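The values are calculated or read from the model by the stated rules, or taken from the named source; none is laboratory data. Here the structure is a predicted model, which means the values were calculated and not measured. Neighbour counts run over all protein chains shown; Cβ positions are idealised from the backbone, glycine included.
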Amino acid sequence: MTEEAKKPAAPAGGRAGMKKELPEHFKSYRHVWVAIELERGQVHPVSYELLGCGRRLADKLGVQLAGAVIGPPGEATWHAVAETFAYGADMVYLVEDPVLKDYRNQPYSKALTELVNTYQPEILLLGATTLGRDLAGSVATTLRTGLTADCTELDVDDDKSLAATRPTFGGSLLCTIYTLNYRPQMATVRPRVMAMPERQERPVGRVIQHKLSMVEEDIVTKVLSFIPDGQSSKVNLAYADIVVAGGLGLGAAENFQLVRNLASTLGAEYGCSRPVVQKGWMPSERQIGQTGKTIRPKLYIAAGISGAIQHRVGVEGADLIVAINTNPNAPIFDFAHIGLVTDAVRLLPALTEAFVRRLSPHNRDKLAS
Amino acid sequence: MHIVVCIKQVPDSAQIRVHPVTNTIMRQGVPTIINPFDLFSLEEALRMRDAHGGEVTVLTMGPPMASDSLRKALTFGADRGVLLTDRFFAGSDTLATSFALSAAIEKIGKVYGKADVIFAGKQTIDGDTAQVGPGIAKRLDLLQLTYVAKIAAVDPSAREITVERRAEGGTQVLQTRLPCLVTMLEGSNEIRRGTLNDALRAARAEIVTWNAADAGIEDLTKCGLRGSPTVVKRVFAPTARQERATIIGEAGDNARDLADGLIATLFARKPALEPALVASGCAA
Ligand SMILES: Cc1cc2nc3c(=O)[nH]c(=O)nc-3n(C[C@H](O)[C@H](O)[C@H](O)COP(=O)(O)OP(=O)(O)OC[C@H]3O[C@@H](n4cnc5c(N)ncnc54)[C@H](O)[C@@H]3O)c2cc1C
C-alpha cells in the first residue's frame, strides 16, 4: 500500500483540500509546452492561440515556453518551426520523420510521449481538435497523467499548479481542475477560446531534434487516401470575421434562408443554436456554442436565439453582438451589445436590403452624384 | 465477430437545472438517457454483426441503475449487457474510467470471447472529454480510429478494417488491423428501432453484473478518486457581465427603419466595420 492509501478517507469535497506532494521523480519536470498541430503542411491556428496562453503561464512560472513540432521532413515542418517562434516560443522540440507525413495515432503518440519522457515538461497543452483529442487521450493514458479537456481558462495558482477551468454540468457551471501528483499537467483548449497572440518576426531559436525510432513497417494503420473538403462544405465559422446565426425562434427550416441571405450579403459565415441542428434545419458543423463551435468574430448577429449559457460561452469572444429577439427578457440581451426586440423573420430581409443599399458601391455613387 | 460497445448512462442534461441561489445542481427527477453519441457507435456495431455474424456485448460502468441503459441497448438489438459497478469506481476521471473499462473488456474477452472491434462514443454530453475511447485503446494496446464517419469495409478473415475518418480539412481513408477501437462521428447513422422480439428479450434478459473483483481488478488504487490524477478543486457560476444590451428597436417599429437604425448604430460603434465590409466585396 502506498502512503496515500493508508490515510483515512478524505472529508467531503474529496481530495480538493489535499496538499500537493509531488513525487521526487516529477520534481525535475519544468517548462510549458504546446503541441503544435501540423496536418498536411498546415499549422492549425489553435496552436498559436495556445502559444499565446502558454507564454502567460511560462512567464508566471518563470520558465520557458516550447513548441513540440511533429511532422515529416521538409519545408512545411520547418515553416511550422519558424512560426512557433514567431508566436512566442523560446525553443522547439522537433521530431521529423517520413512516417509522420499524415496524422496517425501510433507514430504521433509515440513521438510526443518520447519527447515528454525525455525532456519532461510540467505543462503540456494541445488543441481540442480531431487531431488534438485523438492524440491527447493516448498520450495522457500512456503517461498515466491527468488531462483536462476543453478548458476555457488556464492559469497558474500560488503553489504553481496549473489551474484548468472548464464548463461542467451541461455548461451551467465552471469548475477548476488540478492534476496534483502527476506530470505533465495536460489540458486541451478548443479553437478560438484563447485570443490569437501578436505575431512577431523573430529568428529561429533553439531547436532540439529528437529521432523517432520507428519505420513504416512498424505502423499498422495505413492512409489509403485523403479526400479534401469541397469548397462548399468548408465551414470556417470559428475564424470568420462576421457571423449571422439563427435559433429556434425563426420557427421553420425555410426561414434559415433569411440567415444565409444576410450572411452572403455580408460575406459572412452563418451558424445556429443547438436545437436547430437537432431539428435537422442545419448541419452540425454550423452549431455555435459549448458543444458546437466557439467563434470570435468582429460582428455577431443572433436572430431568434435565446442566449442560453451553452450558447453564450461560444460567442462571448465576439467584439460586437447584435441580438434580435421578440422577448425583451431573453437572456441574450444580458450579454449582447445591441438589441432589437422584434420579429427576426420580418427584420432579416429588411436588414439584408438595408445593407445592400448602404454598401453597394453602385448605390454609393448614385447617392454621391 | 465479437463486438463490444462501451456506453454511458448520462443525465438528460437538457433538463438539468442549477439552483439560482445556491448554485448547486438540482439533479432530482432528472431523467437519464444513453449518451447520445454512443448510439451512433451502437448502431454501427449492430450493422457489423448483422453483416458478418457474431455478437454485440454492451458494457457500461456506473451505479446499479445504469443497467437500465444496458436494457435499452438490448431493445435495439444488442445481445448482452455487462454492468461494471462498485463503490470503488466512484469519482473516476477519464484515466481511471479507461482503466476500469479496459479491465472489464479483457474479462469479457475471457468469458465471452475476445473482441474483434470495440466501440466507444465519440464523447459524452456530461463529461465531454473525448478521451475515454483513446484511453481504452491505449490501455489495451489497440489501434484506434476516432471520429469515424463511415466504416467502408470490414474483412473478418483478413482481420482488416477500412474507415473514413474526419480530419482537419478533409477525410482520411484509413486501413488498419483488427482488433481495434472505433468511435463514430455523430450523424453517421441512425439508431434502429429494434424488433418486438428484441424488446421481449430485453425485458427478460439478465444483465451481467460485475464488481471490481469480478472484473479481475486487483489494484484498486487505479480506480475511482484514488486512480484519478485530476481533482476538481472548485465549482462556481460564471460571472455575469454588468452591461446589458442597448435596445434600439421595438416590436412596433417599421422593419426598414429598424434595419437602417441598426446599421447606423453598428457603424457608429465600430467605424472599421463599414470599410471592411465594402472591401470584402459584399453586396456588390
Ligand atoms: C450539455 C448541453 C450542451 C449544449 N450545447 C449547446 C450549444 O453548443 N449551442 C447551443 O446553441 N445550445 C446548446 N445547448 C442548448 C441550450 O441550452 C439552449 O437550449 C439552446 O441554445 C436554445 O436554442 P434557441 O435559443 O435557438 O431556442 P429557444 O431557447 O427555444 O429560444 C428561441 C428564442 O427565440 C425567440 N423568438 C421566438 N420567435 C421569434 C421571432 N419570430 N423573432 C425573434 N425571436 C424569436 C424567443 O423569445 C426565444 O428567446 C446545450 C444544452 C446542453 C444541456
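In segment A:168-177, of all residues being farther than 15 Å from residue B:233 by Cβ and not aromatic (Phe, Trp, Tyr), the one that is farthest from the ligand (Cβ to nearest atom) corresponds to A:172.
State whether the residues of segment A:163-180 include one that is more than 9 Å from chain B (Cβ to nearest Cβ) and either surrounded by fewer than 16 Cβ atoms within 10 Å (Cβ to Cβ) or closer than 20 Å to residue A:35 by Cα (or both). No: segment A:163-180 contains no residue that is more than 9 Å from chain B (Cβ to nearest Cβ) and either surrounded by fewer than 16 Cβ atoms within 10 Å (Cβ to Cβ) or closer than 20 Å to residue A:35 by Cα (or both). Selection of segment A:296-316 for residues being more than 11 Å from the ligand (Cβ to nearest atom), more than 8 Å from chain B (Cβ to nearest Cβ) and among the hydrophobic types (A, V, I, L, M, F, W, C) yields only A:301. Scanning segment A:32-63 for residues that are surrounded by fewer than 21 Cβ atoms within 10 Å (Cβ to Cβ), within 14 Å of chain B (Cβ to nearest Cβ) and part of a helix (DSSP H, G or I) turns up just one, A:45.
Evaluate the following for residue A:131: is it within 25 Å of residue A:289 (Cα to Cα), modelled with pLDDT of 95 or more and facing chain B (nearest Cβ under 7 Å)? Judged against the criteria, residue A:131 is a match. Note on segment B:143-155: among residues that are more than 10 Å from chain A (Cβ to nearest Cβ) and surrounded by fewer than 24 Cβ atoms within 10 Å (Cβ to Cβ), the one that is farthest from the chain's Cα centre (by Cα) is B:155. What are the residues in segment B:159-213 that are free of Cβ contacts under 8 Å to residues at least 60 places away in the same chain, under 30 Å from residue A:220 (Cα atoms) and of a type in the set (Asp, Glu), if any? Residues satisfying the conditions are B:160, B:164, B:168. Here the condition is being modelled with pLDDT of 95 or more and in a strand (DSSP E or B); of A:66, A:76, it holds for A:66 alone.
Scanning segment A:287-306 for residues that are crowded, with 21+ Cβ neighbours inside 10 Å, over 16 Å from the mean Cα position of the chain (by Cα) and not hydrophobic (A, V, I, L, M, F, W, C) turns up A:300, A:304. Would you pick out the residues in segment B:108-133 that are modelled with pLDDT of 95 or more, surrounded by fewer than 19 Cβ atoms within 10 Å (Cβ to Cβ) and on the phi < 0 side of the Ramachandran plot? Selection gives B:109, B:110, B:111, B:112, B:114.
Evaluate segment B:120-130: report whether one residue or more is within 14 Å of chain A (Cβ to nearest Cβ), in contact (Cβ under 8 Å) with a residue 40 or more places away in the chain and more than 16 Å from the ligand (Cβ to nearest atom). There is at least one residue in segment B:120-130 that is within 14 Å of chain A (Cβ to nearest Cβ), in contact (Cβ under 8 Å) with a residue 40 or more places away in the chain and more than 16 Å from the ligand (Cβ to nearest atom). Tallying residues that are polar (S, T, N, Q), over 27 Å from residue A:194 (Cβ atoms) and either more than 10 Å from the ligand (Cβ to nearest atom) or touching a strand residue (DSSP E or B) at 6+ places or on another chain (Cβ under 8 Å) (or both) within segment A:274-295 yields 0.
The residue pairs whose first member lies in segment A:245-264 and is within 14 Å of chain B (Cβ to nearest Cβ) and free of Cβ contacts under 8 Å to residues at least 24 places away in the same chain, whose second member is more than 8 Å from the ligand (Cβ to nearest atom) and aromatic (Phe, Trp, Tyr), and whose beta carbons are closer than 9 Å, counting only pairs six or more residues apart or on different chains, are A:260/A:270; A:263/A:270; A:264/A:270. Every condition in (1) more than 23 Å from the chain's Cα centre (by Cα); (2) under 30 Å from residue B:180 (Cβ atoms) holds for residue A:166 except the one numbered (1). Restricting attention to segment A:337-362, which residues are among the β-branched types (Val, Ile, Thr) and at the interface with chain B (Cβ under 7 Å from one of its Cβ atoms)? Hits for segment A:337-362 are A:338, A:341, A:342, A:356. Here segment A:201-249 is the region considered, the condition is being of a type in the set (Lys, Arg) and touching a strand residue (DSSP E or B) at 6+ places or on another chain (Cβ under 6 Å), and the residue that is surrounded by the fewest Cβ atoms within 10 Å (Cβ to Cβ) is A:206.
Comparison of A:139, A:156, A:99 shows that the only residue that is among the aliphatic types (A, V, I, L, M), in contact (Cβ under 8 Å) with a residue 24 or more places away in the chain and crowded, with 23+ Cβ neighbours inside 10 Å is A:139. Meeting the requirement of 2 or more residues that are more than 8 Å from chain A (Cβ to nearest Cβ), the strands (runs of 3 or more DSSP E) wholly within segment B:156-273 are B:160-167, B:180-184, B:208-210. The one condition from (1) without any contact (Cβ under 8 Å) to a residue 60 or more places away in the chain; (2) under 23 Å from residue A:102 (Cβ atoms) that residue A:179 does not meet is (2).
Residue pairs whose Cβ atoms lie under 9 Å apart, separated by 6 or more positions or on different chains, with the first residue in segment A:269-291 and on the phi > 0 side of the Ramachandran plot and the second hydroxyl-bearing (Ser, Thr, Tyr) and near the ligand (Cβ under 9 Å from one of its atoms), are A:289/A:273. Residues in segment A:321-335 that are modelled with pLDDT of 95 or more and more than 12 Å from the ligand (Cβ to nearest atom): A:321, A:322. So is residue B:139 surrounded by fewer than 18 Cβ atoms within 10 Å (Cβ to Cβ) and modelled with pLDDT of 95 or more or not? For residue B:139, the condition - surrounded by fewer than 18 Cβ atoms within 10 Å (Cβ to Cβ) and modelled with pLDDT of 95 or more - is not met.
If you take the residues of segment A:142-153 that are over 14 Å from the mean Cα position of the chain (by Cα) and touching a residue at least 40 places away in the same chain (Cβ under 8 Å), which of them is farthest from the ligand (Cβ to nearest atom)? It comes out as A:143. When the strands (runs of 3 or more DSSP E) confined to segment A:166-228 are screened for residues that are among the polar types (S, T, N, Q), those reaching at least 2 such residues are found at A:173-179, A:185-189. Report, by residue number, each residue of segment A:250-273 that is surrounded by fewer than 23 Cβ atoms within 10 Å (Cβ to Cβ) and either near the ligand (Cβ under 9 Å from one of its atoms) or basic (Lys, Arg) (or both). Matches in segment A:250-273: A:251, A:255, A:260. Listed residues A:135, A:94, A:124; which is touching a strand residue (DSSP E or B) at 6+ places or on another chain (Cβ under 7 Å), in a strand (DSSP E or B) and closer than 21 Å to residue A:162 by Cβ? Just one listed residue meets the conditions, A:124.
Each row is one residue, and each column tells you yes or no for (1) more than 23 Å from residue B:208 (Cβ to Cβ); (2) modelled with pLDDT under 95; (3) buried (at least 23 other Cβ atoms within 10 Å of the Cβ).
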site	(1), (2), (3)
B:9	no, yes, yes
B:13	yes, yes, no
B:23	yes, yes, no
B:27	yes, yes, no
B:30	yes, yes, no
B:41	no, no, yes
B:45	no, no, yes
B:51	yes, no, no
B:54	no, no, no
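Spot the failing condition for residue B:191; the list is (1) under 23 Å from the mean Cα position of the chain (by Cα); (2) within 27 Å of residue A:147 (Cβ to Cβ), and only one is missed. All conditions pass for residue B:191, except number (2).
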